[in-house]
1. Out of the GluC sites (Glu not before Pro) in the stretch 310-392, which ones are loop residues according to DSSP with at most 12 other C-beta atoms within 10 Å?
2. Using a 10 Å cut-off around each Cβ, can you sort Thr221, Thr281, Thr15 from fewest to most neighbouring Cβ atoms?
3. Do the sum for the chain: with -39,500 (n - 2.57) for every DSSP H run of n ≥ 4, divided by all residues, what is the mean residue ellipticity at 222 nm, to the nearest 500 deg cm²/dmol?
4. For the stretch 60-76, take each phi angle, set θ = phi - 60°, evaluate the Karplus expression 6.51 cos²θ - 1.76 cosθ + 1.60, and give the result in whole Hz per residue in order, putting x for glycine and proline.
5. Step through the residues of the stretch 278-294 one at a time and calculate ³J(HN,Hα) from phi using the Karplus curve (6.51 cos²θ - 1.76 cosθ + 1.60, θ = phi - 60°), rounding each to whole Hz and writing x for Gly and Pro.
6. Among the GluC sites (Glu not before Pro) in the stretch 212-310, which ones are in a DSSP loop with at most 11 other Cβ atoms within 10 Å of the Cβ? Mind listing them?
7. Per residue of the stretch 91-97, in order, report the coupling 6.51 cos²θ - 1.76 cosθ + 1.60 (Karplus, θ = phi - 60°) as ³J(HN,Hα) in whole Hz, putting x for Gly and Pro.
8. Ranked highest first by average number of other Cβ atoms within 10 Å, how do 180-193, 359-372 line up?
Amino acid sequence: MLFGSRKFKKYRLMTPGPVPLPPDVRKMLAQPMLHHRTPEFEKTLFSALEKLKAAFQTQQPVYIHTSTGSGAMESAIVNTLSPGDEVIAVVSGKFGERWAQIAERFGVKAHLLEVPWGEACRPEMVERALQQNPRAKAVLCQASETSTATVHPIRDIAQVVARRPDTLFMVDGITAIGAMDMLMDEWKIDVLVSGSQKAFMLPTGLSFIALSEDAWKMAKTAKCPRFYFDLDQEKKALEKGGTFFSSAVAHIRALDVALDNLTGENLNCAIIRSNLMAYTTREAAKLLGLTIFSKAPSSAVTAICVPEGIDGVALRKHLEDKYNVTVMGGQDQLKGKILRIGHLGYITDEDLSVTFEALVHSLVDLGYQGFDRGKADEVSQFVEGCLKEFKP
Ligand SMILES: *Cc1c(COP(=O)(O)O)cnc(C)c1O
C-alpha cells in the first residue's frame, strides 16, 4: 500500500544541483534548433547576458562558458593569475579543495585556510592568513560550500580583502546566486562564478563568470595558459556581436527565460523562497529529532545528520529505490553520515513534504527506533503549514 502510494510514484529530484526544471524552461529546451550566428539568436544571447548582470548584482559584463561550474572556477584562476603567484584558499569542504587544486595545477601556490567542515570561515581568519601570506594575489572562497551545506560570511570577508588593493576576492557563488544575497559590486567581490544547474534552474552545462575592474586589470598581465576559457577573446567576440565558439543555443535560450525568475523583484522572491525552504527543512528535521550538520546552514541545501546506528549510504539509496526521492549523501569524511537535501530550483511544497514522509518511512524500514510511521503525517503537515505562508 505504502510503496504503491501515488505520491511516491512521482520522481522527486531533491539535490543541490541538478534541480527540477520549471515548465517554461522545459518548453524552451524543446524548441527547434537555430544557428548561433543569426540575428534571432544574438538577440536572445544579449538579452540573457544583460539579465545575468542583474542576477550577479553587477554593472560588469557576465560571461558564459559552455562548461559545468568547475569550468568557471578554472576560468577565474587562469584569467587573473600567473604561475608562481600565491593565493589563499578557504577550504571547508570538497569545493574549496577543488579550487585550491585547480590553482596548484596551474602553478599557483595555494595557501590553505582550513576551516572544520560545517563551520563558517570568520573574517579574522582571513585577516590573519593575509598577514601571514602578504604576497597573496587572491583569496578564494565558496559562498555556499555545497558539500557541507554551509555558508561563509562573504560580505564581511570581502571587507577584509578590500583593504588590500592588490588582492582579489574570488567567490564561488555556484549554489549562492539566486538562493542568498550576493551583491558583487556593493560587497566588492572581484570574481564571481556560478553554474546553470543550481538556482538558475537549467540543465548542467553552462557556467558564468564576472570580473571587477581590478580583476580585469590583473587579467592584462595574467600568464596562466588559457585558450577555451580566455575571457579577453570572448569579450572581443561579443563586441563583434557573438560568442567566440559555437554558442550553446538551447541552453542559452532557456537561460534567457529562466533568468526572468532571478532578476528584479523575482530575485528577492527566489531568495525568500529558498530561505523559507531551508528554514522549513531544518525545523522538520528537528521535529523528527534529527540534528542539522552545519553550524552556519546554507539556504540552498541542508545537511541532516544520519542518526546513530543507521547506515547513511543505505538510507540514501533506499529513499531513491523505494520512494523515488533523490537526495545526496556526504563525501569523504562525511560519507554515510549526512543526507543533503537541496531546495533550489522548481521544487513544490509537496516535493518537500513528500521527501520528509519518505525519510520517515525509510528510517522505519531500516529499523530506526526513534519514531513510528505515524510521524510521516505529522511532519508532512508541518512542512506544508510552514510553506503555505509564501508562494513564489
Ligand atoms: C555544483 C558546485 C560546483 C561545480 O560543480 P560542477 O559539477 O562543475 O558544475 C562548484 N562549487 C559549488 C559550491 C557547487 O555547488
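Every read-out reported here was derived from the displayed coordinates using simple, explicitly stated rules and does not represent laboratory data. These figures come from a predicted structure and were not determined experimentally. Positions of Cβ are generated from backbone atoms using ideal geometry, with glycine treated the same way; all protein chains shown enter the neighbour counts.
1. Working: sites: Glu320, Glu350, Glu357, Glu378, Glu384, Glu389; in loops: Glu389.
Answer by residue number: Glu389.
2. On the way: Thr221 9, Thr281 27, Thr15 20.
If I rank by nearby Cβ atoms, fewest first, I get Thr221, Thr15, Thr281.
3. Details: 14 runs with 167 residues, N = 392.
That comes out to -13000 deg cm²/dmol.
4. For the stretch 60-76, the Karplus-derived couplings read 6, x, 10, 10, 10, 10, 8, 6, 6, x, 4, x, 5, 5, 5, 4, 4 Hz, x marking Gly and Pro.
5. Each residue's phi maps through the Karplus curve to give 5, 4, 4, 4, 5, 5, 5, 4, 5, 4, 7, x, 9, 10, 8, 5, 7 Hz.
6. Values: sites: Glu213, Glu234, Glu239, Glu265, Glu283, Glu308; in loops: Glu308.
Hits after loop and neighbour filter: Glu308.
7. 10, 9, x, 4, 6, x, 4
8. Working: 180-193: 22.4, 359-372: 17.4.
Output ranking for 180-193, 359-372: 180-193, 359-372.
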